[in-house]
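K.L.:
I'd like to ask you about the structure that follows.
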Amino acid sequence: MDTLPKQFIENHIGTVMDIVLLEQQGCTSTVYKISALHGTYILKSAEPEIFRELLENEAEVLKKLNEQTDIPVPRFHGFTRTDSKSHLLMSYEEGVTLTEALAEADSQGVKNDLIESFSTLLHRLHTADTSILKISSRGKWLDIQLKKAAEYLQAGNTDGNQDLLDDLRNKKPHDIKSTVIHGDCTTDNVLVKNNQVYLFIDAGGMTYGDPRYDIALAVSEFLNHQDELSSFYRGYQRYKIDASEFKYFDSLYEFF
Ligand SMILES: Nc1ncnc2c1ncn2[C@@H]1O[C@H](COP(=O)(O)OP(=O)(O)O)[C@@H](O)[C@H]1O
Ligand SMILES: [Mg+2]
């Protein structure tokens, strides 16, 4: 922990009392919980360049979204890039991930309700005003993803392979209207409080893109559970992905 940027942290949130490594860690970063004199915060640190870029994007997204209330995310408190790492400082938000909440749920009814609240929040995201992210168009989201996938493949940073990438390039799904998307919409990246999914975390991939990617990632945990899938679409009513769309976007995720 002695590599943590103490000065940066205290400049932004004042006197720090305690820093602990969170029990639950993600895949792209190291996450610390900071107890300070005036509140509780999260420090998310990333080392490899691709994850540093993602973290910087997360910082930009949080800054913009903190100006509105439609899409609930943690509050941004600071971002810094040192020689070896990048660090994002944000508010600590209460609750557990949906993955944990589902594992702890004591009945199928509770699980179904959690899933419905997840998809209701996702519906809210996909119908949010797209000007919220203030993105100037940099080309089509899917083309950008395929380009990134190729870069990840070249760098040896992915589970995907060349055949799969060629397939994804040759079999693009028909176009649908872009929306604000989360970009890594798994049950690990939303928080639950009072039995409600109420907040998005890990928003580094949030952009203007293809909502089917979010749906595919969101339903991947309960694709073979009809009850849970129905609960999902009860909360998410704007589009139902078919099997080939699921396969396409699920395969795309293998690269990231
Ligand atoms: N703002 C936050 N408040 C509370 N817990 C958080 C917050 N951000 C992240 N976490 C916790 O840290 C874990 C990893 O964070 P995440 O942003 O998903 O990192 P990664 O990009 O590495 O997946 C999450 O699953 C969650 O348990
Ligand atoms: Mg995560």
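The values are calculated or read from the model by the stated rules, or taken from the named source; none is laboratory data. Please read all numbers here as calculations on a predicted model, not as lab measurements. Note that each Cβ is placed from the backbone with ideal geometry, even for glycine, and that neighbours are counted across all protein chains shown. With ligands, DNA and RNA removed, areas are computed over all heavy atoms of the protein, side chains included. Shrake-Rupley method; radii C 1.70, N 1.55, O 1.52, S 1.80 Å.
K.L.:
Among the GluC sites (Glu not before Pro) within segment 33-125, which fall in a DSSP loop and have no more than 14 other Cβ atoms within 10 Å of their own Cβ?
P.N.:
Sparse-neighbourhood loop GluC sites (Glu not before Pro): GLU67, GLU94.
K.L.:
If each DSSP helix of 4+ residues adds -39,500 (n - 2.57) and the sum is divided by the residues in the chain, what number results at 222 nm, nearest 500 deg cm²/dmol?
P.N.:
The helix-only estimate for the chain comes to -12500 deg cm²/dmol at 222 nm.
K.L.:
What number, in percent, do you get for the relative contact order of the chain if the mean sequence gap of Cα pairs under 8 Å and at least 6 apart is divided by its residue count?
P.N.:
20
K.L.:
Could you tell me whether segment 6-91 comes out rounded, prolate or oblate from its Cα gyration tensor? Rule is a ≥ b ≥ c as square roots of the eigenvalues, rounded for a/c under 1.5, then prolate if a/b exceeds b/c, otherwise oblate.
P.N.:
Note, shape of segment 6-91 comes out rounded.
K.L.:
Among residues other than ALA36 whose Cβ falls under 13 Å from its Cβ, what is the net charge (Lys/Arg +1, Asp/Glu -1)?
P.N.:
Here the charged neighbours net out to 0.
K.L.:
Give me the percent of the accessible area of the chain that comes from carbon and sulfur atoms, probe 1.4 Å, all protein chains in place.
P.N.:
The C+S portion of the solvent-accessible surface of the chain is 46 percent.
K.L.:
So with the 1.4 Å probe, I'd like the accessible area per residue for the chain, rounded to whole Å².
P.N.:
That works out to 51 Å² per residue.
K.L.:
Percent of Cα-Cα pairs per 5 Å bin, from 0 to the last occupied bin, for segment 1-153, please list those.
P.N.:
Taking every Cα pair in segment 1-153, the percentages come to 2, 8, 14, 16, 18, 17, 14, 9, 3, 0.
K.L.:
On to the next question. Along each of its three principal axes, how wide is the spread of alpha-carbon positions in segment 151-252, in whole angstrom units, largest first?
P.N.:
If we take the Cα atoms of segment 151-252, the spans are 44, 26, 26 Å.
K.L.:
Here's another thing I want to ask about it. Restricting to DSSP loop positions (anything but H, G, I, E, B) with no more than 13 other Cβ atoms inside 10 Å of their own Cβ, which trypsin sites (Lys or Arg not before Pro) remain in segment 132-198?
P.N.:
LYS134, ARG138, LYS171, LYS177
K.L.:
List, in the order given, every pair from LYS33/LYS147; LYS33/LYS64; LYS63/LYS140 whose Cα-Cα distance in the structure shown is over 30 Å.
P.N.:
Where the Cα-Cα span goes over 30 Å, the pairs concerned are LYS33/LYS147.
K.L.:
Let me ask another. By its C-alpha gyration tensor, with a ≥ b ≥ c as the square roots of the eigenvalues, how is the chain shaped: rounded for a/c under 1.5, else prolate for a/b larger than b/c, else oblate?
P.N.:
Judged from the Cα gyration tensor, the chain comes out oblate (a/c at least 1.5, b/c at or above a/b).
K.L.:
For the chain, what is the charge dipole size about the Cα centre, in debye to the nearest 20, if Lys and Arg each add +1 at the Cβ and Asp and Glu each add -1 at the Cβ?
P.N.:
840
K.L.:
Post the alpha-carbon centroid distance, segment 131-172 to segment 221-256, in whole angstrom.
P.N.:
20
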